[in-house]
1. Could you please state, rounded to a whole Å, how far the C-alpha centre of region 149-220 is from the C-alpha centre of region 232-297?
2. If each residue's Cβ is checked for other Cβ atoms within 10 Å, how do 106, 186 rank with the fewest at the top?
3. Which entries of 49/280; 40/173; 217/251 show an alpha-carbon separation above 28 angstrom in the structure shown?
4. Quick check: pseudo-label points 7 Å beyond the Cα along Cα→Cβ at residue 263 and residue 287, how many nm apart are they?
5. Suppose R0 equals 30 Å. What FRET efficiency, 1/(1 + (r/R0)^6) with r the Cβ-Cβ distance, do residue 183 and residue 85 give to the nearest 0.05?
6. Express the relative contact order of the chain as a whole percentage, based on alpha carbon pairs under 8 Å and six or more residues apart in sequence.
7. Using a 7 Å offset from the Cα along the Cα-to-Cβ direction at both residue 65 and residue 254, what is the distance between the two label points in nm, to one decimal?
8. Hey, what number do you get for the chain at 222 nm if only DSSP H runs of n ≥ 4 count, each worth -39500 (n - 2.57), divided across all residues, to the nearest 500?
Amino acid sequence: CYTAPHYPLHAKPEDINKYVGKFRMGWDRMREQRQERMIKMGLIDPNWKLSGRDSRAYDWKSANHEHEDLRMAVYAAMIDSMDQNIGRFMAALRDNGEADNTLVLFLSDNGGCAEEPGGRSPKIVPGPKEFYAAVGPSWGWAQNAPFRRYKSWAHEGGVATPCIAWWPGRVPKGSITKEVAHIIDFLPTFLELASASYPKKHNAHDILPVEGKSLVKVLRGGTRKGHDQIAWEWSGNRALREGKWKVVWDKLDKKWSLFDLETDRTETNDLSPAHPEMAKRLASDWDDWARRTGLRR
């Protein structure tokens with residue numbers, strides 16, 4: 001498990017040099033460019049609106065452009081280095097004859113990070129191990145285009161991450177699926193592939209039942225009966241999704257919002273005033289989930 005590109009921003013000079021100068025367009029333009037590219041690649045719906053400016057994002061005009069460019073250059077270098085070493089791992093699988101017998105799943109545990117330990121002073125230099133820098137909220141927000149928010153929030157910018165699946169002869173090459181899934185689905189997937197069972201007890205203690213559902217059919221290019229509901233909580237932020245509907249609690253706004261993800265995946269239009277009963281029921285269902293899973297808030 002790689003911690004990169006989590007802060008602190010440390011990378012090799014030769015990797016950093018590949019990216020210096022590539023982020024001088026600023027975070028606002030980078031979001032637009034990323035949305036445009038993903039539409040061309042067929043990764044996102046062209047009808048999705050680019051979500052509005054985040055409340056914590058800085059004004060690019062007043063930013064230190066050289067320093068901000070360097071922060072993202074180091075971030076990109078960390079990803080570059082990680083990619084190089086994942087390539088070494090994949091090459092080893094092939095060299096050892098294990099490629100056809102190995103399922104590889106690659107994803108992030110959350111959206112881009114907006115945390116900024118150490119602040120944004122140019123004196124905190126990204127790159128060398130002597131300094132402890134991060135990209136901060138503006139770049140963190142931009143990394144999640146076209147979605148709202150970032151890591152620690154339960155909006156799509158915090159919880160929606162791409163997942164790459166690789167398994168020669170089993171996972172259709174170059175395919176894209178829009179099936180809704182969650183990382184909790186990995187365990188039942190691995191159990192099914194290994195023909196293993198999930199225990200009900202461990203050391204005489206009852207174990208909570210598996211919440212996830214196997215992704216084997218999806219990985220093989222098919223569909224499955226998905227989750228009736230999926231819920232999240234982190235650091236006071238909460239959400240629950242049921243079909244096209246999603247309720248989100250933002251700890252800064254201190255209220256539930258309701259979104260139709262079929263028409264508004266970027267969560268730009270709060271429908272709770274128009275559908276108060278739906279918002280209320282889903283919020284209540286979130287409370288039920290929190291009690292069932294032993295979550296303490």
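1. Going from one Cα centre to the other spans 22 Å.
2. Ordered from fewest to most neighbouring Cβ atoms within 10 Å, 106, 186 come out as 106, 186.
3. Pairs exceeding 28 Å: 217/251.
4. About 2.9 nm, to one decimal.
5. In this case the efficiency is close to 0.85.
6. 17 percent
7. 4.1 nm
8. The helix contribution divided over the chain gives -9500 deg cm²/dmol.
Quick note: the coordinates plus some simple rules give every number you see, no bench work behind them. Only a predicted model underlies this, so the values are computations on that prediction, with no experimental measurement involved. Glycine also receives a Cβ, built like all others from the backbone with ideal geometry; neighbour counts cover every protein chain displayed.
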